[in-house]
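K.L.:
Here you go, one structure.
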Amino acid sequence: MILILSENDDHVGLVTESLKELGADFYVFNPADFPANASLTIAFDRRGISRRLLRTSVRVIDLDQVSAVWVRRPRRPQAAEEVHNEEQRQWIALESREFLDGLWQTMDCLWVPGRPRHTHFRYNKIYHLGLAAKLGFTIPDHTVMTNDSDEILPAYTESCGRMVSKGVYLPASAIRDGEQHVARTHFVHRRDLAAYRSVRFVPTIFQNSIPKKIELRVTVVGSRVFAAAIDSQASRVTRDDWRRFDNDRSVYREYRLPLEVEKRCVRLTQALGLCFGTIDFILTPQGEYVFLEINPNGGWTFVQELTNMAIATAIADLLTSASVRTA
């Protein structure tokens, strides 16, 4: 039995198609339905856990029979609509979240991308960068993470005027004219330096702008590595950050990484307690692979669509392999 924790996005649809082809038993559960539209029970006797059940309007699942859990950006628990008092709603959401966190920790099965324990550091770019360097990756030179505005000009000078900024955890966003605008990697110009004194309000990452031949999006699934080359320099839109997307000009293609870089990608995910992750690199004109970051639950559907690499099938194979091991 495979349990999928998700709001049922397009990633889930692709993987469940593969699971159906494999004849696997699975169920998609959105934690936002708990406790309003689903019930969960964990019971103990003097020896320990005696039963764990998930009950929804369509199915009752014995959680002791779950061999693998795939966590794909689920929403958090929320109170039923009948509860109107805001303080009570917040209390219910907090209690329910703590209940779920504890319950998931008791389930000793395969977790994709990884067990929920200590998930914070799996999303921490500071920790990732240090760990990547220890594993032998080349990382950007002259990286400064700070909220000290006096650090910005020296960093800019050290980078010879070629510096980018980015968020420590999430890209900054704002609503303008009713639309969400996301600030991702931003090239810092000299005329911007005065405005960057506002970093005293929030820590920011500053790095050398690395010359790009191509960019690489690497998806690790278990021990399998799917690398996609992105011709980001072919478009002004994607030149600083391919995630601005211009698929007509920034062509995607399957790419073969050097074997040692491929092995390091797998070792990095394992060192983070993961069996899945998406990793971003820059390949410089000199042929150097520079590690940027890893996302433990990054998107990959666009990579599969544009390169025809079978990432969804690989995830389905990984999930079903757990039931084979426990049979």
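The values are calculated or read from the model by the stated rules, or taken from the named source; none is laboratory data. All figures in this text were calculated on a predicted structure; none of them were measured in a lab. Here the Cβ positions follow ideal geometry from the backbone for every residue, glycine too, while neighbour counts run over all protein chains shown.
K.L.:
Tally up the residues in the stretch 49-77 that are aliphatic (A, V, I, L, M), surrounded by fewer than 16 Cβ atoms within 10 Å (Cβ to Cβ) and outside any strand (DSSP E or B), please.
P.N.:
Final tally of qualifying residues: 1.
K.L.:
Condition first: assigned to a loop (DSSP other than H, G, I, E, B) and touching a strand residue (DSSP E or B) at 6+ places or on another chain (Cβ under 9 Å). Can you find one or more residues in the stretch 259-271 that meet it?
P.N.:
Within the stretch 259-271 (the criterion being assigned to a loop (DSSP other than H, G, I, E, B) and touching a strand residue (DSSP E or B) at 6+ places or on another chain (Cβ under 9 Å)), the answer is no, since none of the residues qualifies.
K.L.:
Can you tell me which of ALA43, ALA80 is part of a loop (DSSP other than H, G, I, E, B), farther than 29 Å from GLY277 by Cα and hydrophobic (A, V, I, L, M, F, W, C)?
P.N.:
That would be ALA80, the only listed residue that is part of a loop (DSSP other than H, G, I, E, B), farther than 29 Å from GLY277 by Cα and hydrophobic (A, V, I, L, M, F, W, C).
K.L.:
Another one. In the stretch 46-77, how many are under 28 Å from the mean Cα position of the chain (by Cα), farther than 30 Å from THR278 by Cα and β-branched (Val, Ile, Thr)?
P.N.:
Final tally of qualifying residues: 2.
K.L.:
In addition: Take the conditions part of a loop (DSSP other than H, G, I, E, B), under 28 Å from GLY298 (Cα atoms) and modelled with pLDDT of 95 or more and apply them to GLY23. Does it pass?
P.N.:
Judged against the criteria, GLY23 is a match.
K.L.:
Could you tell me which residue of the stretch 17-49 is nearest to LEU319 (Cα to Cα), considering only residues that are among the β-branched types (Val, Ile, Thr) and without any contact (Cβ under 8 Å) to a residue 40 or more places away in the chain?
P.N.:
VAL28
K.L.:
Can you tell me which of GLY161, GLY178 is modelled with pLDDT under 75 and small (Gly, Ala, Ser)?
P.N.:
After applying the criteria, what remains is GLY178.
K.L.:
Restricting the stretch 262-290 to residues that are more than 16 Å from PRO140 (Cβ to Cβ) and among the β-branched types (Val, Ile, Thr), which is surrounded by the fewest Cβ atoms within 10 Å (Cβ to Cβ)?
P.N.:
Only one residue fits best here, namely VAL266.
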